[in-house]
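Input: a single structure, listed below in structure tokens.
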Amino acid sequence: MFLSTIPRCLASPPLGWVNEIMNTNVFILVEGYVKDGGETVQSTVTLIQDGETNLIVDPGMTKDPFAIVNALTEHKLTPDDISFVIITHHHPDHTRHMGLFPKATLIDYSAKYEQDKWYDLPTGDYQITPHVKTMRTPGHTKEDITVLVSEVHTIEPNKLVTVGICHLWWYEGKEDDPTAQDMIALRESRKKVLGLIDYLIPGHGNFFKVA
């Protein structure tokens, strides 16, 4: 089902190919992992840039408490530059650092939160920016969502691809989910997502390409 893992170095623009019109980028800020039978975990934290809008997905637990901020610095960004924080589900290992971004709107499966405002979202897909939307994909939890990023140009030279970010997989090659609330729903959500994407960023691992 899955093809080769994408080296982290390919999460930067390919050399010799610049198109000022195409400016949707996806970067892994912190690569996640699961160790020691699940006792030691780090969430994969992703930066999306859609034009001038910066979005963070799953700013969760990290071994280094400054890992996310330091990674943003490499992109010449600070927490104040982030407009949206998206959490794929409400487990603490994926939400631990969501308060780092004081100016960001928080988005989850059912609502968006701005300062002291709570706005319920319609059921179904939610378009955040022209190339970024969320889709409900229950299974790991009933509240899980997948973030879909279209027309990404920083992964394959001269090709636009769609990237999915979710916890339907922990990492490449792990087909089971011992903590899933509903494996039947999870398998159905996987089928739906695989029909829409070229690359996946799982909850606790690096990019990989899907067949």
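The range 146-189 and the range 195-211 have Cα centres lying 4 Å from one another.
Among the GluC sites (Glu not before Pro) found in the range 148-180, those both in a DSSP coil and sparsely packed, with 15 or fewer other Cβ atoms within 10 Å of their Cβ, are Glu175.
Assign one of three labels to the range 2-210, namely rounded, prolate or oblate, based on the Cα gyration tensor with a ≥ b ≥ c the square roots of its eigenvalues; rounded applies when a/c is under 1.5, prolate when it is not and a/b is larger than b/c, and oblate otherwise. Rounded, since a/c falls under 1.5.
Summing charges over all other residues whose Cβ lies under 13 Å from the Cβ of Asp176, with Lys and Arg as +1 and Asp and Glu as -1, gives +1. What does the charge count near Arg96 come to, summing +1 for each Lys or Arg and -1 for each Asp or Glu among other residues with Cβ under 14 Å from its Cβ? The answer is -2.
Among the listed pairs Lys142/Lys191; Lys112/Lys192; Lys76/Lys133; Lys142/Lys192, those with a Cα-Cα distance over 19 Å are Lys112/Lys192; Lys76/Lys133. All distinct Cα pairs of the range 25-122 go into the 1/r average, and the inverse of that average, the Kirkwood radius, is 13.7 Å.
The local environment of His204, defined by Cβ-Cβ distances under 9 Å, has a net charge of -1 under the rule Lys, Arg +1 and Asp, Glu -1.
In this simple spin-label model, placing a label point 7 Å from the Cα along the Cα-to-Cβ direction at both Leu196 and Glu151 gives a separation of 1.7 nm. Quick check for you: which residues of the range 93-115 have the amide N under 14 Å from the point 7 Å beyond the Cα of Asp80 toward its beta carbon? Correct set: 101-104. Length gained on full extension, Asp176 to Thr123: 16.3 nm, using 0.36 nm per residue less the C-alpha separation. Peptides 120-133, 89-102, ordered by how many other C-beta atoms sit within 10 Å of their residues on average, highest first, read 89-102, 120-133.
Its relative contact order, with pairs defined as Cα atoms under 8 Å and 6+ residues apart, puts the chain at 23 percent. One chain, two ends: Lys159 and Glu114. Fully extended at 0.36 nm per residue, the span grows by 12.7 nm beyond their Cα-Cα distance.
Evaluated with a Cβ-only charge set (Lys, Arg +1; Asp, Glu -1), the range 2-210 carries a dipole of roughly 260 debye about its Cα centre, given to the nearest 20.
Every read-out reported here was derived from the displayed coordinates using simple, explicitly stated rules and does not represent laboratory data. This structure is a prediction, so every number in the text was calculated from the model and none was measured. Positions of Cβ are generated from backbone atoms using ideal geometry, with glycine treated the same way; all protein chains shown enter the neighbour counts.
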